[in-house]
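Working notes, structure below.
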Amino acid sequence: MYDAVVIGGGPGGYACAIRIAQLGGEVCIIEKNGLGGTCTQRGCIPTKYLHSIGEIMRRSSAARKDGLKVHIELDYGTTRTRMISTVNRLAAGIKTLLESNDVDLLHGEGQIVSENKVMVSDKTIETRNIVIATGSYPVCLPGYRFENNILSTNTILELEKLPKSIVIVGGGYSGCEFSAILNSFGCKVSLIEAQNHLLPLQIEEIGRTIEKYMRLDGISVVTGSSVEKILENGVVVNEQTIEAEKVLVCVGRRPSINASELSRTGIKFNDGGIEVNKKMRTTAQNIFAIGDVTGIFELAHVASKQGEVAAQNIMGKESEMDYRTVPTCVFTYPEVAFVGKLEGRCGEFPLAASAKANCLGDTKGVFKVFEKDGIIVGALIIAPHAGEIIAEAALATRMRMKPQDIFDTIHAHPTLPESLVDATRDIDGEAIHIPRKNKKLNG
């Protein structure tokens with residue numbers, strides 16, 4: 001009998017299985033669609049690979065003003081092949097990790113028979129605990145299906161040829177990222193968002209800033225408007241037709257759950273996902289749920305941490321989730337990253353004042369740090385490589401650092417992260433590399 005059977009080999013599932021093995025447990029993981037789940041196979045990894053190619057194209061074009069004469073031509077067939085190779089290489093790496101930790105891997109669809117039994121391809125597996133890590137799937141607009149010219153975030157990656165024009169419905173993380181990527185590849189992009197600003201679940205400033213930079217890049221952004229009809233050659237918005245070869249729908253995802261098996265085992269759930277406590281335990285004592293299937297966060301790094309927490313509780317090592325300092329990254333141009341509470345006293349540093357940003361020739365963006373009662377509570381970074389830089393701010397927020405802890409730490413020069421120092425100093429108007437505010441008069 002296994003100590004645990006993990007259903008789903010995504011970021012949460014494989015992290016959970018490895019952690020159980022590290023703690024001395026016997027564990028089996030079941031995966032039907034490729035190791036790494038949506039993140040590796042159809043999400044984070046392929047899109048970030050494409051984002052990196054788009055970045056090369058943008059930088060090459062921008063370098064002409066610096067005397068670098070480069071002709072860039074995209075062979076998307078080759079790019080897509082390399083993208084698939086990257087996905088396969090990372091998935092193979094996950095398999096190696098599982099094997100090195102003596103985790104048993106089964107291919108197929110896992111079905112929960114009871115609290116202690118899981119079936120895979122007519123094979124019954126007995127276990128003391130079950131971890132549900134089945135992820136989520138993209139949803140379409142009501143009355144439509146993903147077919148013909150209507151694409152999901154999965155099927156767009158299956159295209160062998162890029163469309164010349166595309167309408168993207170939904171201005172959340174995925175919609176903004178695909179808009180930026182496809183625009184950098186030369187597609188004519190129209191982005192439609194029903195709410196009054198992009199990234200509607202975040203503060204308005206973030207969405208408005210992304211919209212501003214997208215418009216400067218030539219993307220048509222329409223907010224406060226819904227798609228009234230999808231046509232064979234585009235969509236109808238505000239009674240006007242926007243023509244496009246393809247329509248990419250990015251209006252959300254739903255947890256991948258089997259209602260009958262959850263009901264049979266006494267697990268509470270709703271349309272948003274499976275109910276869990278901070279230990280990632282469901283209402284069935286020995287069944288845990290992690291990742292998108294819980295509906296808490298649709299972020300791979302959160303799923304991974306949830307997997308570790310579930311594993312530790314399974315193996316008798318008490319552990320709870322803490323969501324107060326979850327970093328979020330949006331891979332547009334420039335990138336956007338934020339963590340913690342974006343409220344309180346604020347210091348900011350414009351990227352135009354950054355020496356490194358000027359060397360890169362990319363000065364669009366800002367660093368902001370938020371403080372309450374003398375403690376750093378959050379940060380917002382809009383800049384190249386913001387996704388890498390946000391880790392320092394996340395650590396500062398989690399460890400309840402004081403602003404002085406940041407600017408007393410010597411940062412390398414010239415780098416983008418040193419902008420965090422001036423943003424922190426600016427909370428009290430003491431930034432070194434921007435003009436002083438409210439200058440006092442002598443006498």
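Condition test on I56, is it free of Cβ contacts under 8 Å to residues at least 60 places away in the same chain, surrounded by fewer than 20 Cβ atoms within 10 Å (Cβ to Cβ), β-branched (V, I, T) and not in a helix (DSSP H, G or I)?
No: the conditions fail for I56.
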* **Given (1) at pLDDT below 95; (2) in the same structural domain as F349 (by TED's automatic domain parsing), index of the condition L441 fails** => (2)
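Could you say which residue among T325, T409, T415, T363 is in contact with a Gly (Cβ under 7 Å, 6 or more places away or on another chain) and outside the structural domain of T294 (by TED's automatic domain parsing)?
On the way: T409 fails: in contact with a Gly (Cβ under 7 Å, 6 or more places away or on another chain); T415 fails: in contact with a Gly (Cβ under 7 Å, 6 or more places away or on another chain); T363 fails: in contact with a Gly (Cβ under 7 Å, 6 or more places away or on another chain).
Residue meeting the stated conditions: T325.
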* Asked: In the stretch 101-149, what residues are of a type in the set (D, E), in a strand (DSSP E or B) and more than 14 Å from C16 (Cα to Cα)?
  -> E126
* Asked: Taking L98, is it closer than 30 Å to N277 by Cα, part of a helix (DSSP H, G or I) and touching a strand residue (DSSP E or B) at 6+ places or on another chain (Cβ under 7 Å)?
  -> yes
* Exactly one of (1) outside any strand (DSSP E or B); (2) in contact with a Cys (Cβ under 9 Å, 6 or more places away or on another chain) is unmet by G186. Its number? -> (2)
* Asked: Which residue pairs have Cβ atoms under 7 Å apart, sit 6 or more places apart or on different chains, and have a first residue in the stretch 419-443 that is surrounded by 22 or more Cβ atoms within 10 Å (Cβ to Cβ) and part of a helix (DSSP H, G or I) and a second that is modelled with pLDDT of 95 or more and hydroxyl-bearing (S, T, Y)?
  -> S419/S354
* Being outside any helix (DSSP H, G or I) and of a type in the set (G, A, S) is the filter here, so list the residues in the stretch 59-95 that pass it. => G67
* To do: Would you check if I181 is outside any loop (DSSP other than H, G, I, E, B) and farther than 25 Å from A337 by Cα?
  => no
* Yes or no: I132 at pLDDT 95 or above and assigned by TED's automatic domain parsing to the domain that holds K268? -> yes
* **Qualifying position, being within 16 Å of V251 (Cβ to Cβ) and at pLDDT 95 or above, among I210, I206, I150, I219** => I150
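The values are calculated or read from the model by the stated rules, or taken from the named source; none is laboratory data. A quick note: this is a predicted structure, and the numbers were derived from the prediction, not measured. For neighbour counting, all protein chains shown are included, and Cβ atoms are generated from backbone atoms with ideal geometry for every residue, glycine included.
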